[in-house]
Amino acid sequence: MIELLNVVKRYGEKLAVDGLNLVVREGEICCLIGPSGCGKSTTLKMINRMVEPDSGKVIFNGEDVRKIKPELLRRRIGYVIQHIGLFPHMNVFQNISVVPKLLGWSKERIEKRVGELLELIGLDEAQYANKYPSELSGGEAQRVGVARALAADPPALLMDEPFGAVDPLMRSVLQDEFLSIQRKLKKTVVFVTHDLDEAIRIGDRIAVMKDGKLVQYDTPEAILASPANSFVRDFVGSDRALKRLSRFDVNSVMKKPFYVFCDDGIEEVRKRVKDKKLRYLWVVEKDLRLIGWIDMKNIDSAGSMEEVITNSGIKNICIREYASLREALSRMLSEGVKVVPIVNSNGSLVGEVSLSDIEAITEEVG
Amino acid sequence: MRKSNLYRNKYKNLIQFFTVILIFGLYIVFLKKENLWEGMLRFFFPGEKDVLYPRASLLTLLKEHLILVGISSSASILFGIVLGIYVTREKGRDFLPLINNLTSFSQTVPPVAVLALAVPFVGFGFKPTVLALFLYSILPVVRNTIAGLEAVPRDVVDIAEGIGMYPYQVLFRVELPLATRVIIAGIRTSVVINVGTASVGAVVGAGGFGVPIISGLVRDNQALIIEGALSSALLAVLIDQFMGSLEKAFFSAKG
């Protein structure tokens, strides 16, 4: 889909990119990573001709990019940058519709498309379409930035540290959302980052760069398991086993949880759990919304359900759907629990992950 | 809530705009009331033979003054903006220091000196005055155009190029809309300077509110000086207010 063949770029004396060969396959996310000044952003910008290489070839969709007018090429490739770059004088609707307008789409088609995209990124159209970038939070603005890049449904996206400017918590939410969008859309993505955890979480393949050269280009699993040289080993760090957990989401290992409804009678609950050897029970509302848990030690002595339900701190141990196992593990350690419940965006219980599930995974891949 | 506020502001701005127009109308009526002027100036300067300039009415002088300012300001706004845009483009960037120096220099030369230098080439009257005013008032426009365009965040321009806008689209859809406020501030300064400076034109016979002033200076008649100076000062304030309300009503930046 995107190929860089022996690409060289000089800035004065300095070689920014030195004979780079890289093939990004269709539908894959390729993360470019490396220390600052390693040429990763320059590489990205040579794909949409924001930077012209001194020698070598860049192929997009089978065509040499030099044969395509830069502006027309760029309209076929979505572009997202770190500081969002939303146009401050345009509202959300106008920001998202910029590229479709450049392409001369009809008004109805643009309106329909903006509606679809706002739904995709989870922002309510009525509430957000008329807002200006200064009225958005960092996370919302970044989502709009992604929606704008997707507006004309380009086959490929270039993302230059797109989540670099938001706080760590928001960043992992945005990463999860981006992955779930990517699962649906299957775009070819080149993603520049300096955050290894992000690259491991997001990338189908990671290209580690140093001094304008490609040091290793492989799947995150392979890079973690067998770093090509000492540079990559140092870069990856000593906590490789922990990092590998970022590759798995909780949905891939979670088990069916055992739960009772909060308005069930205590006797009935006692009967149902009698010979199940459970240590705890999740408590949910009628709509499966998680509201607390019951420690089984207390259930025999209790007179009513209200007495045994613990709901303080339940919010702290809940893990979002599609969060990484690493996040689940870190939550277990910080909250001192061995099991965490998994909830979807409505707060409904969908599963649970235990420490032993995570241990099993590390042994499997270790 | 916010939306209704936005509308209310728009409404308020329009009212302000029409108020300024109304005051402008009153100003013209005021200029026409010669007996009012006569009475007022006679009160302060009872000794003078003429307290009003006898050879032209204030309305005629206003017309001449506005034509001088109108033509020279239109030219300096047009050239100033074009020049400012040119030197902030890639191909014109080499000229940026030169243009900065030239425009600064043109403001340090007093308009009277430009008049004296220009008369031998273009003759007396209207032409040398427009030239002098043009050179004198182009600086704020160029300066502010450059400042406004340079203040557009690099990221925003980067993304505009990166999503496939042609250079002219980047300029008209992104850079100019974001620089509008600063550019308009420069235009305001420039025009107000021009209204004040245009009086100099009377020295070479270009007409305008400078005529009673010069005549008053020559004849040592302070009433005439006040007549011209007061009309000119009022005009400057009104035009500044007019442009301010115009900006608010039609170019108010959002977000």
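Quick note: the coordinates plus some simple rules give every number you see, no bench work behind them. Note that the structure is predicted; figures quoted are calculated from it, not measured. Reconstructed Cβ throughout: ideal geometry from the backbone, glycine too, with neighbour counts over all protein chains shown.
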Other residues with Cβ under 12 Å from the Cβ of A:SER246 give, with Lys and Arg +1 and Asp and Glu -1, a net charge of -2
Taking every C-alpha to C-alpha distance in chain B and binning by 5 Å from 0, the per-bin percentages run 1, 6, 11, 13, 14, 14, 12, 10, 7, 5, 3, 2, 1, 0, 0
The equivalent-ellipsoid semi-axes of the protein assembly as shown, taken as the square roots of five times the Cα gyration tensor eigenvalues and listed largest first in whole Å, are 70, 34, 18
Net charge near A:GLY27 (other residues with Cβ under 13 Å of its Cβ; Lys, Arg +1; Asp, Glu -1) is +3
Helix B:222-251 sits off the longest principal axis of the Cα atoms of chain B, rounded to the nearest 10 on a 0 to 90 degree scale, by 20
Sequence order, segment A:202-212: Karplus ³J(HN,Hα) from phi using 6.51 cos²θ - 1.76 cosθ + 1.60, θ = phi - 60°, Hz rounded, Gly and Pro as x, gives 9, x, 7, 9, 10, 9, 8, 10, 8, 6, x
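Fewest to most neighbouring Cβ within 10 Å: what's the order for B:MET243, A:MET159? Walk me through the numbers before you get to the answer.
Details: B:MET243 18, A:MET159 25.
By the 10 Å Cβ count, ascending: B:MET243, A:MET159.
What's the exposure ranking of B:SER215, B:SER72, going from fewest to most Cβ atoms within 10 Å? Present the calculation step by step, with values, prior to reporting the outcome.
Numbers: B:SER215 20, B:SER72 26.
Lowest count first: B:SER215, B:SER72.
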With +1 at each Lys and Arg Cβ and -1 at each Asp and Glu Cβ, the charge dipole magnitude of segment A:2-243 around its Cα centre, to the nearest 20 debye, comes out at 740
The set of residues whose placed amide H lies less than 5 Å from the amide H of A:TYR280, leaving out same-chain residues fewer than 5 positions away, is A:MET296
For segment A:115-194 (alpha-carbon point model, no solvent) the Debye-based log₁₀ I(q)/I(0) at q = 0.12, 0.26 Å⁻¹ works out to -0.33, -1.52
From DSSP H assignment alone, runs of 4+ in chain B each adding -39500 (n - 2.57), the sum over residues rounded to the nearest 500 puts [θ] at 222 nm at -26000 deg cm²/dmol
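How large is the dipole of segment A:251-365 about the Cα centre if only Lys and Arg carry +1 and Asp and Glu carry -1, each at its Cβ, rounded to the nearest 20 debye? Each step should come with its number before you reach the end.
Details: 17 positive and 19 negative charges, 22 e Å.
So the dipole magnitude of segment A:251-365 works out to roughly 100 debye.
Can I get the semi-axes of chain A's equivalent ellipsoid? Compute them from the C-alpha gyration tensor as square roots of 5 times the eigenvalues, in angstrom, largest first. Let's see the in-between values first.
Numbers: eigenvalues 397, 145, 43 Å².
Semi-axes, largest first: 45, 27, 15 Å.
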Checked against the positive end of the charge dipole of the protein assembly as shown (+1 on Cβ of Lys and Arg, -1 on Cβ of Asp and Glu, about the Cα centre), the farthest of A:ASN130, A:VAL23, A:MET254 is A:ASN130
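Tell me, A:ILE202, B:ILE99, B:ILE193 in order of fewest to most beta-carbon neighbours within 10 Å?
Ranking A:ILE202, B:ILE99, B:ILE193 by Cβ neighbours within 10 Å, fewest first, gives B:ILE99, B:ILE193, A:ILE202.
Beyond a 27 Å Cα-Cα separation, which of these cross-linked pairs lie in this structure: B:LYS10/B:LYS33; A:LYS14/A:LYS186; A:LYS40/A:LYS107; A:LYS131/B:LYS12; A:LYS255/A:LYS315; A:LYS45/B:LYS91?
Details: B:LYS10/B:LYS33 35 Å; A:LYS14/A:LYS186 36 Å; A:LYS40/A:LYS107 38 Å; A:LYS131/B:LYS12 22 Å; A:LYS255/A:LYS315 19 Å; A:LYS45/B:LYS91 22 Å.
Too far apart for the 27 Å limit: B:LYS10/B:LYS33; A:LYS14/A:LYS186; A:LYS40/A:LYS107.
As an exercise, identify the trypsin sites (Lys or Arg not before Pro) in segment B:55-110 lying in DSSP coil whose Cβ has no more than 14 other Cβ atoms within 10 Å.
Passing both the DSSP loop test and the Cβ count: B:ARG55, B:ARG89, B:LYS91.
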Taking Cα atoms only, helix B:210-219 is inclined relative to the longest principal axis of chain B by an angle, in degrees rounded to 10, of 40
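Go through segment A:1-58 and name the GluC sites (Glu not before Pro) that are in a DSSP coil and have 13 or fewer other Cβ atoms within 10 Å of their Cβ.
Numbers: sites: A:GLU3, A:GLU13, A:GLU26, A:GLU28; in loops: A:GLU13, A:GLU26, A:GLU28.
Filter output for segment A:1-58: A:GLU13, A:GLU26.
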Taking Cα atoms, the helix A:168-185 axis meets the longest principal axis of chain A at an angle in degrees (rounded to 10) of 70
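Please grab the % of Cα pairs in segment A:169-319 that end up more than 26 Å from each other. Present the calculation step by step, with values, prior to reporting the outcome.
Details: 5628 of 11325 pairs.
I get 50 percent for the Cα pairs in segment A:169-319 exceeding 26 Å.
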P(r) of segment B:130-255 over all Cα-Cα pairs, 5 Å bins starting at 0, rounded to whole percent, reads 2, 10, 15, 15, 14, 11, 9, 7, 6, 4, 3, 2, 1, 0
Unit-weight point scatterers at every alpha-carbon of segment A:1-79, Debye formula, q = 0.15, 0.16, 0.23 1/Å: log10 I(q)/I(0) is -0.49, -0.56, -1.17
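Would you calculate, for chain A, the mean residue ellipticity at 222 nm contributed by helices, counting each DSSP H stretch of 4 or more residues as -39,500 (n - 2.57) and dividing by all residues, to the nearest 500? Intermediate results must be reported in sequence, preceding the final value.
Working: 17 runs with 136 residues, N = 366.
That comes out to -10000 deg cm²/dmol.
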Net charge near A:ASP211 (other residues with Cβ under 11 Å of its Cβ; Lys, Arg +1; Asp, Glu -1) is +2
Working note, segment A:81-231: Cα radius of gyration (Å, one decimal) and Dmax (Å, whole number) are 17.0, 56
Sequence order, segment A:294-299: Karplus ³J(HN,Hα) from phi using 6.51 cos²θ - 1.76 cosθ + 1.60, θ = phi - 60°, Hz rounded, Gly and Pro as x, gives 10, 7, 5, 4, 8, 5
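What's the longest bit of chain A with no exposed trypsin sites (Lys or Arg not before Pro), using DSSP loop states and at most 16 other Cβ atoms within 10 Å as the test? Before the final figure, lay out the partial values.
Working: sites that count: A:ARG25, A:LYS186, A:LYS274, A:LYS276, A:LYS277, A:ARG279, A:LYS286, A:LYS338.
Longest gap between qualifying sites, sites excluded: A:26-185.
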Mean separation of Cα contacts under 8 Å (at least 6 apart) over the residue count of chain A, i.e. the relative contact order in percent, is 16
So, relative contact order of chain B in percent, Cα under 8 Å, 6 or more apart, is 26
Whole-Å distance linking the alpha carbon centroid of segment B:162-213 with that of segment B:102-124 is 19
In debye to the nearest 20, the charge dipole size for the protein assembly as shown, taken about the Cα centre with +1 at each Lys and Arg Cβ and -1 at each Asp and Glu Cβ, equals 1300
Within the set B:GLY208, B:GLY216, B:GLY47, GNM on chain B using Cα springs under 10 Å gives the largest fluctuation to B:GLY47
Short to long, in 5 Å steps from zero, the percent of alpha-carbon pairs of segment A:251-365 per bin is 2, 11, 23, 23, 19, 13, 7, 2, 1, 0
